[in-house]
Amino acid sequence: MITVKKAQLYKTVFKPEDLPDTPYNEVAFVGRSNVGKSSLLNTVVKNYRLAKVSSLPGKTRSVNFYFINDKFFVVDLPGYGFAKLSKAEQQRWKKLIESYLIDRDKLKGVFLLIDAKVGPTEKDIIMREWLDYYGIPYCVVATKVDKLRKQSEKATLKKMIRRKLGIDEDIQIIPFSAKTREGRIEILKQIEQFLEQ
């Protein structure tokens with residue numbers, strides 16, 4: 001399993017033409033606005049100030065490249081589905097996210113984040129279909145599982161996500177909490193598996 005010894009912001013990108021060309025492999029975090037991508041990144045690398053975290057949706061407006069152990073990148077993508085943005089800004093984000101996901105030959109896997117309390121949204125389903133269409137390997141991370149109060153909700157979480165998202169048993173689902181750090185080890189193991197492909 002990967003041990004994170006060093007993590008630093010490498011580049012912040014607002015336009016597709018500014019995406020860096022490097023020899024290093026990458027994994028990416030994608031999900032709707034306010035699902036917890038930056039919190040997940042901070043928890044995984046054990047640096048709670050690396051990526052800016054906000055309770056306001058739509059805070060991450062760029063593609064942020066974080067260089068880990070001087071060996072690979074973890075890429076934090078802008079959240080999709082943030083309705084308060086102008087149509088032009090929503091289109092800019094969409095183009096930026098799609099340009100990154102389609103054109104990155106060093107992209108080895110994507111973590112599709114789903115809010116455990118909300119469940120998969122229509123936009124999450126579209127993203128899953130999109131990843132399948134382009135043949136991009138992915139796993140699902142169910143964030144904020146500490147907010148599930150009932151034991152029955154926790155017990156049926158994976159089944160509910162599989163059914164609503166339309167995925168079968170070969171796609172891994174990792175329950176995660178930035179608060180309790182549940183799922184951190186599983187995510188590090190999955191990062192390693194993606195990078196070895």
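The values are calculated or read from the model by the stated rules, or taken from the named source; none is laboratory data. Keep in mind the model is a prediction, meaning the values are calculated, not measured. Note: ideal-geometry Cβ built from the backbone for every residue, glycine included; neighbour counts use all protein chains shown. Each accessible area value is taken on the protein alone, full model and side chains, heavy atoms only, with ligands, DNA and RNA left out. Shrake-Rupley method; radii C 1.70, N 1.55, O 1.52, S 1.80 Å.
The residues on offer are A116, A178, and the sole one that is more than 21 Å from V27 (Cα to Cα), of a type in the set (A, V, I, L, M, F, W, C), surrounded by 15 or more Cβ atoms within 10 Å (Cβ to Cβ) and in contact (Cβ under 8 Å) with a residue 24 or more places away in the chain is A116.
If you check G31, G119 for being in a loop (DSSP other than H, G, I, E, B) and at pLDDT 70 or above, only one passes: G119. Do we have any residue at all in the range 95-108 that's outside any loop (DSSP other than H, G, I, E, B), at pLDDT 80 or above, of a type in the set (D, E) and open to solvent by less than 10 Å² (accessible area, probe 1.4 Å)? No, the range 95-108 has no match at all.
Counting the residues of the range 172-190 that are touching a helix residue (DSSP H, G or I) at 6+ places or on another chain (Cβ under 8 Å) and under 14 Å from V141 (Cα atoms) gives 13.
Being in a strand (DSSP E or B) and among the hydroxyl-bearing types (S, T, Y) is the filter; apply it to the range 125-143 and report the residue that is surrounded by the most Cβ atoms within 10 Å (Cβ to Cβ). If you could, list the steps in order and put the result at the bottom.
Of all residues in the range 125-143, those in a strand (DSSP E or B) come to 138-143.
Next cut, among the hydroxyl-bearing types (S, T, Y) only: 138, 143.
On the way: Y138: 21, T143: 26.
My answer is T143.
Scanning the range 144-170 for residues that are over 16 Å from I125 (Cα atoms) and part of a loop (DSSP other than H, G, I, E, B), we see that the one that is most open to solvent (accessible area, probe 1.4 Å) is R149.
Can you confirm whether I173 is open to solvent by less than 30 Å² (accessible area, probe 1.4 Å) and either more than 21 Å from N47 (Cα to Cα) or among the acidic types (D, E) (or both)?
Numbers: open to solvent by less than 30 Å² (accessible area, probe 1.4 Å): yes; either more than 21 Å from N47 (Cα to Cα) or among the acidic types (D, E) (or both): yes.
It is true that I173 is open to solvent by less than 30 Å² (accessible area, probe 1.4 Å) and either more than 21 Å from N47 (Cα to Cα) or among the acidic types (D, E) (or both).
Of all residue pairs spaced 6 or more apart or on separate chains, those with beta-carbon atoms under 9 Å, a first member in the range 185-197 that is in contact (Cβ under 8 Å) with a residue 12 or more places away in the chain and in a helix (DSSP H, G or I) and a second member that is basic (K, R) and loosely packed, with under 13 Cβ neighbours inside 10 Å are L195/K71.
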